[in-house]
1. Obtain the nm distance between the two label points defined at residue 19 and residue 688 by a simple spin-label model: each point lies 7 Å from its Cα along the Cα-to-C-beta direction.
2. Hey, if you put +1 on the Cβ of every Lys and Arg and -1 on every Asp and Glu Cβ in the chain, which of 486, 630, 740 ends up farthest toward the positive end of that dipole?
3. Once the Cα gyration tensor of the chain is found, what semi-axes does its equivalent ellipsoid get, as square roots of 5 times the eigenvalues, in whole Å, sorted largest first?
4. Would you be so kind as to identify which of 159, 556, 688 lies farthest towards the positive end of the dipole of the chain, taking Lys and Arg as +1 and Asp and Glu as -1 on Cβ and the Cα centre as origin?
5. Under a Cβ-Cβ cut-off of 12 Å, what is the net charge of the residues other than residue 56 that fall near it, where Lys and Arg count +1 and Asp and Glu count -1?
6. Quick one: which residues, 5+ away or cross-chain, put their amide H under 5 Å from the amide H of residue 526? H built at 1.01 Å from N.
7. Taking the Cβ of residue 386 as the centre, find all other residues whose Cβ is under 9 Å away and add up their charges (Lys, Arg: +1; Asp, Glu: -1).
8. By how many nm would the segment from residue 37 to residue 755 lengthen if fully extended, with 0.36 nm per residue of separation less the alpha-carbon distance?
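Every read-out reported here was derived from the displayed coordinates using simple, explicitly stated rules and does not represent laboratory data. All figures in this text were calculated on a predicted structure; none of them were measured in a lab. Please note: Cβ atoms are built from the backbone with ideal geometry, for glycine as well, and neighbour counts cover all protein chains shown.
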Amino acid sequence: MATTEVRGLGHSVKRKEDERFIRGKGNYIDDVTLPGMLHMELLRSPFAHARIVSVDTSRAEALPGVVAVVTGELMAQHNLAWMPTLSGDTQAVLATDKVRFQGQEVAAVVAESAYVAKDALELIDVEYEPLPALTTPQQALEDDAPLIRDDKEGQASNLIYDWEAGDKEATDRAFAEADRVVELDTFYPRCHPSPLECCGCVADVNPATGKATIYMTSQAPHAIRTLFALVAGLPEQNIRVISPDIGGGFGNKVPIYPGYVVATAASLLLGKPVKWIEDRTGNLISTGFARDYHMHGELAVKDGKITGLRTSLVADEGAFFADAQPSKFKIGLFHIVTGSYDIPAAHVFGRGAYTNKAPGGVAYRCSFRVTEASYLIERLVDVAALELGVDPAEFRVQNFIKPDQFPYQSATGFVYDSGDYEKALRLALEKLGYDELRKEQAEAREQGRLIGIGLASFTEVVGAGHGKQYDIAGLRMFDSAELRVHPTGKAILKLGVKSQGQGHETTFAQIVAEELGIPYEDIEVQEGDTDNTPYGLGTYASRSTPVAGAATAVISRKLRDKARTIAAHLLEASEDDLEWDRGRFSVKGAPDRAKTIQEIAFAAYTDLPDGVEAGLEGVHYYDPPNMTFPFGTYAVVVEVDRGTGAWKVERMVAVDDCGVRINPMIVEGQIMGGLTEGFAIAAMELITFDEDGNCIGSNFTDYLLPTSWETPSFELGETVTPSPHHPIGAKGVGESATVGSPAAYVNAVVDALAHAGVRNLEMPVTSARVWEALQEAGLAE
Ligand code: MCN
Ligand code: CUN
């Protein structure tokens, strides 16, 4: 480990970026103001499914201050009425034939101010012919269901795909031989990332040079630029995507949205910069939702061991298949569903259907449906323990993959890098005082009080690539780091990923500090400008540390190798005689004969050995050999009120293992944020639809986000099992707590009612739902 002076790995230094954030000096998309800039607002469909008969823009165009009204018809003239999605489908940019979900983009007004543009929306006269709306995939997959995607040639039904993984025969055999089969039907409801800052962009196409500069809230600016070049036919070198400070993404800012495309087209046509800032309702009803997953799971158990796992899934994809996920995997990485358990046989089958709801699934701290998978297995394991009458902690231990089984090949095709699941579980139980708590629970029950203890021992798969197997829209999932050490020993690190609040400016500087011995405050980290950073696939799926973090370590080491050559020259010694320590090379046995990294950096520009290239700079593109598999155990204690069904979290212990921690404080911040989101999903967040497809949850009075009042307090613990294939042993952590915790909360509430036969409660576990369960179980008071 590096010394405290340079603040390398393991130091909880404060986040560099917070200096500007807490002073209100951040530079978010709405802070971008350009000379002559116009403002754009989108007209959205009030219907979930309707044919467009006519669009009359004349009254809107006549409003003073309105510069242009853009319709689907106009976009179609430029071949831009439709765009490709990240899952290889097509999506309407502005509707031409039909609207297919409530909130779909129908037209746009460009005006001198956002207020005028908004007023003008009401003056656009659209005649709709309403059609029946399909709001569940079950409805959509019925034989006589109306066809949602009649725009697609050869699309005869609302089925998008069937997909499977694992060995069906071996799994069927395991079930035939089982002495017990446990089943669970559950629905992971639609929810929404809700970053503080909604989506938006400022598109600035310079009519003189043809250069298109697009400032946008994107988690993946390089990939977006390439897709823009391919879709709009613009030369890629003429497109510059700049993602400035981003006020939270959580997956919401991975896809391409119609607003970006229309604003860019409008700027191209008008020759002026055009700003589009999405409002909260627009964000909630139209952009990348998450989950909406109907799951059936079964476990085969024999002699207390899980011998098989079978799942059947139905995804509600909305009107366009726009999941942001690796293209070879139609249901994301759901096949991590075997979780932390050594299950010899597993088979996963999933299908996706179009419905009249907003597209864009998967997002929201998910790692490509790992969230749903983790929820299902951790609920199933609990149901199995209840059915078998065994302790859920011990049942988990019995079935865990053991430390000596790593690298572990899962039945569905993953190779887990490292893990010690029992250690994390035992630590959580110890912190909780589990055995004592079980006694208290039994005593409380005698007194008529309902206490529940819930566990979840999740395993995630994060850090996509490698590039051979994982891609986004064909682009291989590698990532990059370019490091420039300047003559005075200060450095700039440029990355292909893009922070939305994760603290990259601090943690990536710490990696360089560790590897090169330059103090972390002397290293500036830059991201998000495609003209000035090396190509990368962006920040999602907790991949920045596993991939760009590895690239950073590797390029630092390469520069250290060059520094050794220069140091040998300066010290008139052989390279082999040099020792590296704390940012300096010294001659073995003569520690006073030494050169610091700063002196070496200066020499790289002033005093080089013959034949050595000047400078101390380099770039590395890292294609990881494998994913990383962070894990942990979360333990929740709740008390349920028998009079109302309300439940309260009394304790929440979270033990995480993400390998080596770069900045423990940032890691803990990531975990606490995720535990809060997991709680919100388990307890209160729900976007739903009435039978006509009207979105319920289109604002923050209906879609409930937790405040500090509702949020439980968390007790954190850690174990460290390094990733063997990552240069610094780190695994990703940015999604773990959101992935792992919902099952722990639900398991706890179910556990409180389990003695009366309750086996399942659907999320969000509202007090109304618990009240109903209490009544059915005869526990209501
Ligand atoms: N880190 C560390 N040591 C580790 C692992 C991570 O110090 N062993 C640090 C990293 O260096 C980084 C942070 O923790 O500063 C998160 O790292 P990582 O796990 O690599 O995740 P990413 O940076 O790729 O972030 C993506 C992840 C995802 S997919 C979502 S969704 C999410 C999340 O991060 N969205 C967020 N956390 C968020 N946090 C904020 N504030 N805002 C969002 O939008
Ligand atoms: Cu899936 S939400 Mo994060 O991977 O950006």
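1. It works out to 4.9 nm between the two label points.
2. 486
3. The answer is 41, 39, 23 Å, longest axis first.
4. Of 159, 556, 688, it is 556.
5. Around residue 56, the charge tally is -3.
6. Amide H to amide H, under 5 Å and 5 or more residues apart or across chains, residue 526 pairs with 493, 494, 495.
7. Within the 9 Å Cβ shell, the charges total -2.
8. Full extension from residue 37 to residue 755 adds 252.0 nm.
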